[in-house]
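The values are calculated or read from the model by the stated rules, or taken from the named source; none is laboratory data. These numbers were taken from a predicted model, which means no experiment stands behind them. With ideal geometry, Cβ positions are generated from the backbone for all residues, glycine too; neighbour counts draw on all protein chains shown.
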Amino acid sequence: MKSSNAAYAVRGGRRRSRKRADMPLLGGIRPPIAVLCVLVLALAALTAKVLGPSGDTVAPKAVLSSQKYFAEDGAIAMRASIDERVTDLDRTARALSAGKPVKAERILEDLGRTYQKWTGTTVLDLESGDILAARGESIPLGWLDEDVLKGDRALSPRMVRLETGDVRLMLMAVLDWKDRPQQLLIASSGLSVPAINLGPFRTMAVAAEDGEILATAGFERAEALNSNQERRELAFLQKQMTQLSDEAASRAEQHPVKAKEPGSRGYPGVSGTLVGGEYNGRTALAGYASLASSNPEEKKSVAAGLGLTVVALLPVVQQHSGEQGRGLYGLAVSGVLVLLGLLAVTVLWTTVQRPLLRLFLESRRLARGDLTRPVTMERGGEAARVSAALERLRRQLAGLGDGAPGTAPGSGGKGGRRGLMARFGGLASLILTAVLLLLWCVPVGLLLNRTDGSVSVPTTMVNDQRDRTDLVADRVRRALNEAHADLVSTSRLIGKEQNAADRLLPETLKKHTRYQALYLVDAEGRVGARAGGDPHSWTQDEKLPWVRISGEGGKKPVIQAGTPVPGEKGSTLVGEIRVEFLNSLLMPRGLGEVRVVDSESRTIAANDGFLAFEELPRQSLTDLTRAAGVRVGAGPLENGLLLREGGGVTVAAAAPFSGGGITADIGWTVVSWQNAERFQIAPYEREDRSVLAGLLGLAAIIICLGWILLVVVRPLRALATSAEKLADGDLKTVLYPRYQDEVGAVVRSLELLRQQAQAHRHNQARRPADARPGVGGR
């Protein structure tokens, strides 16, 4: 008894193992359904996270990024200012050395009259060490040694601390005349924060490599404080500036590539944001940027070697999050996805996988010779066609008659319902599954969390757009003033020497790439010496500004700057400034589209493509520009505002040229605007995340259902056609399984049935031939 039970157990185990071996595990419909379940659950978890609370507990990401951009703007302005000072001093020394010897007093007088940027200047005889001339602030010479004058860093700028505690930037250049001792021209300038508009609450500092603060701006408002509360808050901000500057200087020591996220572009140096302490409901946010640059496309920067870091500090009111219910909101949306996903998987299981598994079992039973039980009929689609064909084959092999097509039990007839289901069976299941999942993807991607013109934009973003636009305007104005100052310096050198223009103009054009042409114009408007491109006409009119624009009707505006040549009555040195040079000054990150317009709001330069002298794209921008040009008090003021037009929100600002210099009154304005959708604030981030979730759901539908269509539905449809042909009597066509899955297993069983039917037909044909000789014998 025990042996028989053991034998039965062994046979049963073999049957079970054979069944498992015949049943495919990795192919067929199971993997795509499993992947669909995993993707739905993963997408539900991601949706619960991204549609939940934003996590911006202190301030929106847009406000943090804005502080970083502000620090980058300050670092760019400071680096450009230092490099420009070095270039001016070096160029002046080269020009003087190329001419006749000039007395030291005359050198300092001309230098101070041309460039009002030095706090003190000195000419030193390098052979004797005597001071030949000095102007302005007294310059200590204790820092001068052999290392300063020789070696790899000879004549490099130095930062020197005065007895008063102030830090000065010392610049040097050598004056070298033939048969005369060399002289050292030293110019000192304050290492101050760039003269930019900081706004009513922002402060800025310049920190050294060790984190020591060398200069600050914005704290001078302490004199206007009246209450103890305001003084305590100021002391808190000063303490925060010290701590954050030290941390920023430490972070700035990293390599720019290693300090950023992979793939990030934009500012070539190290930049970032810091979050400080909190006082009286306000949190200190800081952006920092180093002056160093590792961008190989940029020119070598002298300021980059000073190791300075610019830190911008702004106290912001802590936002009161209105997202207490966002967590439940994200869970609800995820729950709907899980529910619809379960329904979709149920549809695939009941209409595709279960019928296919039953076909697999029925076909294997028939192939093994079990013809006693009828084949279980499926309700519709390709599975119904295959089951009907199997039933007909069973009847044929069992000798029960040749069942006519479409008459098997449960087949449903040849037309009507059967034809419809046969045509759309598996495909209808996929369409129904896709519809169930699209019921979640479409509303989430297209309707959920949509924004309109009522989105609340932080006031800080509007103020920063205004202040940064004013910074760009100041940068462009200073660049034009520097260009004019270079022309003044060159014109004085031309006036001192005979025929010096033929030598100085090409040298100046080579040194300063901002010019596209330099030429001398006499009192009658005729062009004399020239260098660079073709000159344009210059009108000698005292009523016109020295920096003007022409070239209307051409492809590019022509920006001209002129200055009279001393000693040559009616002669003017004119330089044409490249439009591309101005365009390069309008490239700050996070400011959107930036343009320079004239007094008639016509475009002169832009950070994007533009047509010469074209109007601004919106009337509201033109009105903003005109409003900014209205003089208030001492002059025009920058403006910034929100434009709610066409269901969208635009942050715009306009900053007219103001301040000193030759370009202060030319009537130009810098205008910037950008769509608020670019800001990383909660409403827009939620909208983007909703679209992303919808797209991910759509991708999951395409991947999984496309997988099922290619691997299961199409092969199953071909299988149904082959099964029907086999039941109709086509025993010659050999059936080859293409896939190692459920469909392939059914194909293999059908091939066995074809072989059995073929053998059965041969046996039936042989029986009458064997019977005839026996009858004749009787």
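Just checking, does the stretch 88-101 include any residue being within 30 Å of Thr203 (Cα to Cα), acidic (Asp, Glu) and under 45 Å from the mean Cα position of the chain (by Cα)?
yes
Quick check on the stretch 133-148: of everything there that is over 20 Å from Gly112 (Cβ atoms) and aliphatic (A, V, I, L, M), which residue is surrounded by the most Cβ atoms within 10 Å (Cβ to Cβ)?
That would be Leu144.
Somewhere in the stretch 418-427, is a residue modelled with pLDDT of 85 or more, in the same structural domain as Ala700 (by TED's automatic domain parsing) and either within 30 Å of Pro32 (Cβ to Cβ) or touching a helix residue (DSSP H, G or I) at 6+ places or on another chain (Cβ under 6 Å) (or both)? Lay out the reasoning, then the answer.
First pass over the stretch 418-427, keeping only residues modelled with pLDDT of 85 or more: 427.
If we keep only those that are in the same structural domain as Ala700 (by TED's automatic domain parsing) as well, we get 427.
Now restrict to residues that are either within 30 Å of Pro32 (Cβ to Cβ) or touching a helix residue (DSSP H, G or I) at 6+ places or on another chain (Cβ under 6 Å) (or both): 427.
Yes, the stretch 418-427 contains at least one residue that is modelled with pLDDT of 85 or more, in the same structural domain as Ala700 (by TED's automatic domain parsing) and either within 30 Å of Pro32 (Cβ to Cβ) or touching a helix residue (DSSP H, G or I) at 6+ places or on another chain (Cβ under 6 Å) (or both).
Of the residues that make up the stretch 392-413, is at least one of a type outside the set (Asp, Glu), modelled with pLDDT under 85, within 59 Å of the chain's Cα centre (by Cα) and over 30 Å from Leu285 (Cβ atoms)?
No, the stretch 392-413 has no match at all.
Quick grid of which residues meet (1) of a type outside the set (Lys, Arg); (2) under 20 Å from Ile666 (Cβ atoms):
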{"residue": "Gly525", "(1), (2)": "yes, no"}
{"residue": "Gly528", "(1), (2)": "yes, no"}
{"residue": "Gln540", "(1), (2)": "yes, yes"}
{"residue": "Ile549", "(1), (2)": "yes, yes"}
{"residue": "Pro566", "(1), (2)": "yes, no"}
{"residue": "Lys569", "(1), (2)": "no, no"}
{"residue": "Ile577", "(1), (2)": "yes, yes"}
{"residue": "Ala605", "(1), (2)": "yes, yes"}
{"residue": "Pro617", "(1), (2)": "yes, no"}
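Just to be sure I understand the filter: pairs with C-beta atoms under 7 Å, separated by 6 or more residues or on different chains, first member in the stretch 79-97 and under 18 Å from Asp176 (Cβ atoms), second member of a type in the set (S, T, N, Q) and buried (at least 18 other Cβ atoms within 10 Å of the Cβ). Which pairs pass?
Sorted first by the residue in the stretch 79-97, then by its partner, the pairs are Thr92/Ser489.
With within 26 Å of Val86 (Cβ to Cβ) and among the aromatic types (Phe, Trp, Tyr) as the only criterion, which of Tyr515, Tyr519 stands out?
After ruling out the rest, the residue left standing is Tyr515.
List pairs: first in the stretch 270-292 and under 16 Å from Met241 (Cβ atoms), second in a strand (DSSP E or B) and among the charged types (D, E, K, R), Cβ under 9 Å, 6+ apart or cross-chain?
Close Cβ pairs satisfying both conditions: Ala284/Glu278.
Taking the condition of a type in the set (S, T, N, Q), part of a loop (DSSP other than H, G, I, E, B) and in contact (Cβ under 8 Å) with a residue 12 or more places away in the chain, does Thr508 pass?
On the way: of a type in the set (S, T, N, Q): yes; part of a loop (DSSP other than H, G, I, E, B): no; in contact (Cβ under 8 Å) with a residue 12 or more places away in the chain: yes.
Judged against the criteria, Thr508 is not a match.
Failed condition for Leu274, given (1) under 16 Å from Ala75 (Cα atoms); (2) modelled with pLDDT of 75 or more; (3) buried (at least 21 other Cβ atoms within 10 Å of the Cβ), with all others met?
For Leu274, the failing item is (1).
Within the stretch 525-565, can you find the residues that are among the β-branched types (Val, Ile, Thr) and farther than 25 Å from Glu614 by Cβ?
Matches in the stretch 525-565: Val527, Thr563, Val565.
Any chance you could count how many residues in the stretch 113-144 are within 21 Å of Leu306 (Cβ to Cβ), in a loop (DSSP other than H, G, I, E, B) and modelled with pLDDT of 80 or more?
Of the residues in that region, 9 qualify.
Do we have Ala77 as part of a helix (DSSP H, G or I), under 46 Å from the mean Cα position of the chain (by Cα), among the small types (Gly, Ala, Ser) and over 19 Å from Arg492 (Cα atoms) here?
Taking the combined requirement at face value, the residue satisfies it.
Answer with yes or no whether Val462 is modelled with pLDDT of 85 or more, part of a helix (DSSP H, G or I) and surrounded by fewer than 19 Cβ atoms within 10 Å (Cβ to Cβ).
Considered against the rule, which asks whether it is modelled with pLDDT of 85 or more, part of a helix (DSSP H, G or I) and surrounded by fewer than 19 Cβ atoms within 10 Å (Cβ to Cβ), Val462 comes out as yes.
Could you please tell me which pairs satisfy a Cβ distance under 8 Å, a separation of 6+ or placement on different chains, a first residue in the stretch 605-631 that is outside any loop (DSSP other than H, G, I, E, B), and a second residue that is of a type in the set (Asp, Glu)?
Partner pairs satisfying both residue conditions: Ala606/Glu593; Ser620/Glu645; Thr622/Glu615; Ala628/Glu638.
In the stretch 45-88, what residues are farther than 30 Å from Ser245 by Cα and surrounded by 23 or more Cβ atoms within 10 Å (Cβ to Cβ)? Reasoning before the result, please.
Going residue by residue through the stretch 45-88, those that are farther than 30 Å from Ser245 by Cα are 45-53, 88.
Hits for the stretch 45-88 are Thr47, Leu51.
Answer with yes or no whether Glu391 is on the phi < 0 side of the Ramachandran plot and either without any contact (Cβ under 8 Å) to a residue 12 or more places away in the chain or part of a helix (DSSP H, G or I) (or both).
Spelling it out, Glu391 is indeed on the phi < 0 side of the Ramachandran plot and either without any contact (Cβ under 8 Å) to a residue 12 or more places away in the chain or part of a helix (DSSP H, G or I) (or both).
Give Ala154, Ala173 a once-over and let me know the one that is among the small types (Gly, Ala, Ser), surrounded by 16 or more Cβ atoms within 10 Å (Cβ to Cβ) and at negative phi.
Ala173
Which one is nearest to Ala208 (Cα to Cα) among residues in the stretch 113-164 that are of a type in the set (A, V, I, L, M) and under 45 Å from the mean Cα position of the chain (by Cα)? Let's see the steps before the verdict.
Keep residues of the stretch 113-164 that are of a type in the set (A, V, I, L, M), which gives 123-124, 126, 131-134, 139, 141, 144, 148-149, 154-155, 159-160, 162.
If we keep only those that are under 45 Å from the mean Cα position of the chain (by Cα) too, we end up with 148, 154-155, 159-160, 162.
Working: Val148: 20, Ala154: 21, Leu155: 20, Met159: 10, Val160: 12, Leu162: 16 Å.
That would be Met159.
Mind checking which residues of the stretch 89-109 are part of a helix (DSSP H, G or I) and touching a Leu at 6+ places or on another chain (Cβ under 9 Å)?
Leu89, Asp90, Thr92, Ala93, Ala95, Leu96, Ser97, Ala98, Ala104, Glu105, Ile107, Leu108
Could you identify the single residue in Thr121, Thr87 that is within 30 Å of Arg477 (Cα to Cα) and touching a helix residue (DSSP H, G or I) at 6+ places or on another chain (Cβ under 6 Å)?
Thr121
Filter the stretch 665-695 for residues that are in a strand (DSSP E or B) and touching a helix residue (DSSP H, G or I) at 6+ places or on another chain (Cβ under 9 Å); which is farthest from Ala59 (Cα to Cα)? Outline the logic, then answer.
Within the stretch 665-695, the first condition is being in a strand (DSSP E or B), and the residues that meet it are 669-675.
When the remaining residues are screened for being touching a helix residue (DSSP H, G or I) at 6+ places or on another chain (Cβ under 9 Å), the result is 669-674.
On the way: Thr669: 31, Val670: 29, Val671: 27, Ser672: 24, Trp673: 22, Gln674: 20 Å.
Only one residue tops the list, namely Thr669.
State yes or no: is Leu480 under 43 Å from the mean Cα position of the chain (by Cα) and touching a residue at least 40 places away in the same chain (Cβ under 8 Å)?
Here the answer is yes, as Leu480 does meet what is asked.
Ala699 passes all but one of (1) more than 30 Å from Leu427 (Cβ to Cβ); (2) under 28 Å from the mean Cα position of the chain (by Cα); which number fails?
(1)
Would you say Leu162 is more than 21 Å from Leu308 (Cβ to Cβ) and not acidic (Asp, Glu)?
no
Residue under question is Thr625, and the condition is that it be assigned by TED's automatic domain parsing to the domain that holds Ala473 and within 28 Å of Ile681 (Cα to Cα); does it hold?
So Thr625 fits the description; yes.
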